[in-house]
Amino acid sequence: MADSNLTSDAPLTTDVAVVGAGPVGLFTVFECGMLKMRCHVIDTLEVIGGQCAALYPEKPIYDIPGYPRILAQELVDRLAEQAAPFVPVYHLGQQVTGLNRQEDGRWRLTTSKGQVIDAAAVIIAAGCGAFGPNRPPLAGIEDYEGGAVQYLVQRREDFRGRRVVIAGGGDSAVDWAISLAELAEKIYLVHRRAKFRAAPESVDRLQRLTESGKVELVIPYQLAGLDGDGHRLSGVEVADLEGNKKLLPADRLVPFFGLSMNLGPIADWGLELDHHHITVNPATSETSAAGIFAVGDIAHYQGKLKLILAGFSEAALASHAIRPLVYPGEALHWEYSTTRGVPEVPPAAD
Ligand SMILES: Cc1cc2nc3c(=O)[nH]c(=O)nc-3n(C[C@H](O)[C@H](O)[C@H](O)COP(=O)(O)OP(=O)(O)OC[C@H]3O[C@@H](n4cnc5c(N)ncnc54)[C@H](O)[C@@H]3O)c2cc1C
């Protein structure tokens, strides 16, 4: 995988700039590649895979065509492998902040790291926009983030033998309490109400786990503080609704308070929006600005299904619509992939 974490002063030139390296952004690289168009892909996250990698890497997905069951991270790995022959250049850990049309009709993107990318067309595959966890308001929590405090479970193994406080009352909190109970020493599930908002069968499983003592429900309580040396956590303080406090001995805290989704700079690019989504023509995925396309969760049209498979189809439509912009006046001799195989990519422009 070509990975450019170094920024260059001169603009990088490409056929298509893809904003977002989620599953749909990755498949967009493949579809563009099949039409001999090269891509640069930019993502705010440090890893590719969007929601699949960041939110549920170890959960199985059941509605990807051809895969009766595939783990979200495995899907990301396979999409990256499928895109690899087209040598995409990934710019990770940077947000696309600016998007401006040039006099020659090309587009210029600027990233938060100052990278400038010049592209014939832009495909926005930005999901729900830049997303981040809702943090509990606990003093000093940022000192523990990425270690003792995690907002998503990337590797279950990190929790083996640990005393874990999970906070929240929805599906994520309940599902991960059940899943991590298999390997953690102890799970405390803290929720400020007595009832959980999770699937009834999951709540039943959770109740059964409490009988074994592996999971302890701490309800109705909310998080009140952290006990530790700023690096290693030794306990999580919780308070009931009257403000009575107690300390749970724990070395991991995983709060599941949802995500804040923020379109961020995309909202300022002058595109027609509908409730924080970009309105597109469903036949081409083109937005209200000629040369800018949107695919995946961020794209909106009547009847839109926010599913990965719908995003894959939109990626195919957008790349076909873009080809005349990259190869003006050149007729497309279209063939099935079974006939043409994976075409050679033209040499990079930069
Ligand atoms: C728990 C859970 C389970 C799910 N299960 C299923 C399922 O079973 N089947 C299914 O089809 N779907 C499922 N989904 C939904 C699925 O994950 C989404 O439909 C899919 O991730 C959308 O892909 P995407 O590429 O459009 O966007 P995303 O995966 O959201 O990726 C978008 C990327 O764009 C980046 N980005 C945003 N703005 C910028 C910017 N300005 N600059 C740079 N980067 C930017 C973000 O950082 C992000 O990485 C599930 C979702 C969740 C949360």
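The values are calculated or read from the model by the stated rules, or taken from the named source; none is laboratory data. Source: prediction; values computed, not measured. In this analysis, Cβ positions are derived from the backbone assuming ideal geometry, glycine residues included, and neighbour counts consider all displayed protein chains. We work out accessible area using only protein heavy atoms, side chains counted, and drop any ligands, DNA or RNA first. Shrake-Rupley method; radii C 1.70, N 1.55, O 1.52, S 1.80 Å.
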quick note, the stretch 1-111, DSSP beta bridge pairs, % antiparallel (nearest 5) is 45 percent
What the 5 Å binned alpha carbon P(r) of the stretch 208-247 shows, as percent of pairs per bin from 0, is 6, 22, 19, 18, 20, 12, 2
per DSSP, antiparallel bridges as share of beta bridges in the chain, % nearest 5, sits at 45 percent
Kirkwood-based Rg/Rh on the Cα set of the stretch 237-350 evaluates to 1.23
Carbon and sulfur atoms account, in whole percent of the 1.4 Å probe accessible area of the chain, for 50 percent
Computed about the Cα centre, the charge dipole of the chain from +1 Lys/Arg and -1 Asp/Glu charges at the Cβ has a magnitude in debye, to the nearest 20, of 800 debye
The stretch 38-104 -> Rg/Rh from Cα coords, Kirkwood Rh, value 1.08
Computed from every Cα-Cα pair in the stretch 1-138, P(r) in 10 Å bins starting at 0 and rounded to whole percents is 13, 41, 32, 12, 2, 0
A correct Stokes-Einstein calculation for the chain, using the alpha-carbon Kirkwood radius, 10 °C and 1.306 mPa s, returns a whole-number D in µm² s⁻¹ of 72 µm²/s
Computed over the chain: longest principal axis from alpha-carbon atoms vs helix 171-181 long axis, angle to nearest 10 degrees, is 60 degrees
Projected onto their principal axes, the Cα atoms of the stretch 10-60 stretch, largest extent first, over whole-Å spans of 36, 27, 10
Rh (Kirkwood, all Cα-Cα pairs) for the stretch 70-187, Å, reads 18.3 Å
Treating only Lys and Arg (+1) and Asp and Glu (-1) as charged, each at its beta carbon, one finds that the stretch 160-268 has a dipole about its Cα centre, in Debye to the nearest 20, of 180 debye
Share of Cα-Cα pairs in the stretch 114-268 beyond 20 Å, whole percent, is 53 percent
